[in-house]
Amino acid sequence: MGRYILKRLIQMIPILLIVAILIFLLMSFVPGDPVQIILGDQATEMQIEEARHNLGLDKPFVQRLVDYLVGILHLDFGKSYLLGTPVSQELLTRFPRTLLIALLCIVFTVIFGIPIGIRCALRADKLEDRVWMFVTLLLSSMPGFWLALMLVLLFSVRLGWLPSNGIGGWKYFVLPVFANSLGSLAGIARQTRASMLEVIRSDFVTTARSKGLSERDITWKHALPNAMIPIITILGARFGMLLGGTTITESVFSIPGIGLYMINGINNRDYPIVQGCVIYIAFTFSIMMLITDLIYAFVDPRIKAQYAGPAKAKKKAEATA
Amino acid sequence: MAKDKVKNEAVTESTEIDYAAKAKRNKPGSLPYIWRHIRQNPLAMGSLVIIIALFILSFLSPYIMKYSFSKISMRDQYALPNSEHLLGCDEVGRDILSRILYGAKYTMSIGFASTAISAAIGIVLGAVAGYFGGWVDGLIMRFLDIFQSFPGILLAILISTVLGPGFEKVILALGVSGAPGYARMMRASILTVRGSEYIEAAQSINCSTARIIRKHIIPNAISPLIIQIAQGIAAAGLMASALSFLGFGVQAPTPEWGSMLSSARNFIRDYPHMCIFPGIFIMITVLAYNLVGDAIRDALDPRLRD
């Protein structure tokens, strides 16, 4: 297992490097000159030349790319064009906020979405199931940012219970987490229900029932573990959506996280900021995918056997032979 | 006598054709089959009617609406919904209902068009990877790994930063960023079909490769993809409105629903009606897309029916 994790971590390095190169290339195609944006329209030719020199933008493209990559290997993401502050420092203060929101969202999604899905599957086609299915369909058809605005309207503007923007105590997290995760929650509930129903109707459940097992044992010990396997895959992808969704949520609630930082970076043509944010997000996402695969192995013994490595599997095969 | 024979032949021929046509209609996965299935589902039919009605209204809106979508009238600034302006007016007194109807075609067609692009790119990449295997497969899959190493919405934001804002560019940005998902699905689907026994059987009776691909692999591999396309339109519509909301999609004077919300959010404290209505229309549209998508899924894969 340890070797597998190590292998996956090492595989991540080239992917992240290529992401860094691609994003660097991509940013060089963006229309709009950062120097022009910093200095405004009044700048003279001389001033622009000087600023370009100070920012190192007059160097050849390849050299800038190599400098950037060498910097990344030292965890140095360059300096913001506009403010001159190091990007890596800003990322370190902002990243925990984004990660916290994304993690709270995925926890919220799991602890409510999966039980709702199971309950609906067990009461399929009853009234309760139909009501939940309608509510979840409605929620998954709502744009997250609009839901955020409506929550602000209700809980901040009308009722005044919760703050509508900024960061602070736990109260500041309630609305962003709700707005970001209700759509995912609905999606997971629907998928859990579908997956559970498929398993409940399968032959081994009928067998378990015919052996006289209690309904509780059938649900929790036989059906659920099998139904969870596709859900875990979907949860990994959902985390990505939630991480992307925090960009929008942060922009609605003015939370100084990585998403808002990136959007501001894009608007100001402040490329080092954009590049730094992208690499951070790609890294987080890759780690999360790795964790998903590990949970997978934890739930499904068939996959765990594959991770055990060819040597072990061979030994086992010999032993059984 | 001879005449009779000709007549007889004609009769048998026509019945044969009828049988063939009937078999085609009843073939699971064919378009007539899907259509019959949707027709039996009142929710999906209703949704289809709403989608088509909104689309037609959107094109007719300049002729049937009392107020133009771009007519500025300072007298009606921030007007609440009233009998003149059913959904009220925005910050420069433009009629919100006219704007919503006029803007319907943007929001709705972005979903369609970008999904079509995603699916086209994805199907070709996935089919090539799945069919050829080996290093081609490895190369394409590593390439997709890189694209999928961050969330779809961020990829769309980055691509639209490079392309610049605008209707066609949003479609392209969403289309490209959605492609890896379809490619993976197509590849997986082709791999499953390729290993199946009926392909082996076809090979054993000396079917040509072209025939195997055309007659056996594609019809069997395509149905999960059609399901994903049908359900992807709704997701693409949501993403499109989010992009416009953030200012990377369709830009302000165009009444795309996301960009209407983007400007309305500044007035949410005092004039919430500007925020509420465009969002409700996005929700109705996406809900309709979802319901039709679910009906198509049910038709193609009865196991997943809810």
Practice item. Could you give the spread of the C-alpha atoms of the protein assembly as shown along their three principal axes, from largest to smallest, in whole angstroms? Key: 96, 75, 61
Revision key, fill the gap. Residue by residue through segment A:167-180, the couplings from Karplus 6.51 cos²θ - 1.76 cosθ + 1.60 with θ = phi - 60°, in Hz, x for Gly and Pro, are 10, x, x, 4, 4, 6, 8, 4, 5, x, 5, 4, 4, 6
Study note, to complete from the structure: If the chain between A:Val66 and A:Ile48 were fully extended at 0.36 nm per residue, the gain over the current Cα-Cα distance would be 4.1 nm
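Taking DSSP loops as anything outside H, G, I, E and B, show the longest stretch in chain A free of trypsin sites (Lys or Arg not before Pro) there with at most 16 other beta carbons within 10 Å.
Values: sites that count: A:Arg123, A:Lys126, A:Arg201, A:Lys211.
Formally, the longest exposed-site-free interval is A:1-122.
Over segment A:122-251, what is the relative contact order in whole percent, taking alpha-carbon pairs under 8 Å and six or more residues apart? Can you show the working numbers first?
On the way: 96 pairs, mean separation 37.5, N = 130.
This gives 29 percent for segment A:122-251.
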Review point. What list of ³J(HN,Hα) couplings, whole Hz, do you get for segment B:154-171 from phi and the Karplus terms 6.51, -1.76, 1.60, once you set θ to phi - 60° and write x for glycine and proline?
Key: 5, 4, 4, 4, 5, 5, 6, 5, 5, 6, x, x, x, 4, 5, 6, 4, 4
**Study point:** chain B, relative contact order in percent, only Cα pairs under 8 angstrom and at least six apart counted
**Key:** 23 percent
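Once you've got the Cα coordinates, tell me which of B:Lys66/B:Lys105; A:Lys126/A:Lys211; A:Lys7/A:Lys59; B:Lys71/B:Lys105 are over 30 Å apart. Kindly include the intermediate steps, with their values, before the conclusion.
On the way: B:Lys66/B:Lys105 19 Å; A:Lys126/A:Lys211 27 Å; A:Lys7/A:Lys59 37 Å; B:Lys71/B:Lys105 19 Å.
The pairs that break the limit, which is 30 Å between Cα atoms, are A:Lys7/A:Lys59.
Quick check on segment A:88-320: take the gyration tensor over C-alpha atoms, sort the square-rooted eigenvalues as a ≥ b ≥ c, and tell me if it's rounded (a/c under 1.5), prolate or oblate.
Values: a/c = 3.21, a/b = 1.41, b/c = 2.28.
Since a/c reaches 1.5 but b/c is at least a/b, the shape of segment A:88-320 is classed as oblate.
When only Cα pairs under 8 Å and 6 or more residues apart are kept, what is the percent relative contact order across segment A:4-104? The partial results should precede the final answer.
Working: 38 pairs, mean separation 17.5, N = 101.
That works out to 17 percent.
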Point to revise | Interchain or long-range residues, amide H under 5 Å from A:Ile255's placed H | key: A:Gly166
Revision key, fill the gap. Mean per-residue count of partner chain Cβ within 10 Å for A:10-22 equals 2
Review point. Residues with beta-carbon under 13 Å from that of A:Tyr261, excluding A:Tyr261: net charge, scoring Lys, Arg +1 and Asp, Glu -1?
Key: -1
Practice item. Enter the mean number of other protein chain beta carbons within 10 Å of the beta carbon of each residue in B:238-247, as an integer. Key: 5
**Study point:** Alpha-carbon centroid distance for the pair segment A:31-96 / segment B:51-71, whole angstrom
**Key:** 47 Å
**Study point:** Centre separation in Å (Cα based) which lies between segment B:206-243 and segment A:139-182
**Key:** 37 Å
Study note, to complete from the structure: Sorted largest first, the C-alpha extents of segment B:89-305 along its principal axes in whole angstrom are 73, 36, 23
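Counting only chymotrypsin sites (Phe, Trp or Tyr not before Pro) that are in a DSSP loop and have at most 16 other C-beta atoms within 10 Å, tell me the longest site-free stretch of chain A. The partial results should precede the final answer.
Values: sites that count: A:Phe29, A:Trp161, A:Trp170.
So the longest stretch without any such site is A:171-321.
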Check your understanding: B:Lys169: which aspartates and glutamates have alpha carbons under 15 Å from its alpha carbon, excluding same-chain residues fewer than 8 sequence positions away?
Key -> B:Glu256
Review point. For segment B:121-173 and segment B:72-109, what is the separation of their C-alpha centers, rounded to whole Å?
Key: 37 Å
Study note, to complete from the structure: Candidates A:Glu49, A:Glu90, A:Glu198; GNM for chain A (alpha-carbon contacts under 10 Å) flags as most fluctuating A:Glu49
Practice item. Apply the Karplus parameterisation 6.51 cos²θ - 1.76 cosθ + 1.60, with θ equal to phi minus 60°, to every residue of segment A:108-122 and state each ³J(HN,Hα) to the nearest whole Hz, in sequence, with x for glycine and proline. Key: 4, 4, 5, 6, 9, x, 5, x, 4, x, 5, 4, 5, 5, 6
Exercise for review: Based solely on C-alpha atoms, express the radius of gyration and the Dmax of segment A:32-74 in angstrom.
Suggested key: 12.4, 38
Study note, to complete from the structure: Ranked output for segments B:237-247, B:212-222 by mean other Cβ atoms within 10 Å, highest leading, reads B:237-247, B:212-222
Review point. Shape call for segment B:190-306 from the C-alpha gyration tensor, a ≥ b ≥ c root eigenvalues: rounded (a/c under 1.5), prolate (a/b greater than b/c) or oblate?
Key: prolate
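All of the numbers you see were taken from the coordinates with simple rules; none came from a lab. A quick note: this is a predicted structure, and the numbers were derived from the prediction, not measured. Here the Cβ is made from the backbone with ideal geometry for all residues, glycine too, and neighbour counts use every protein chain on show.
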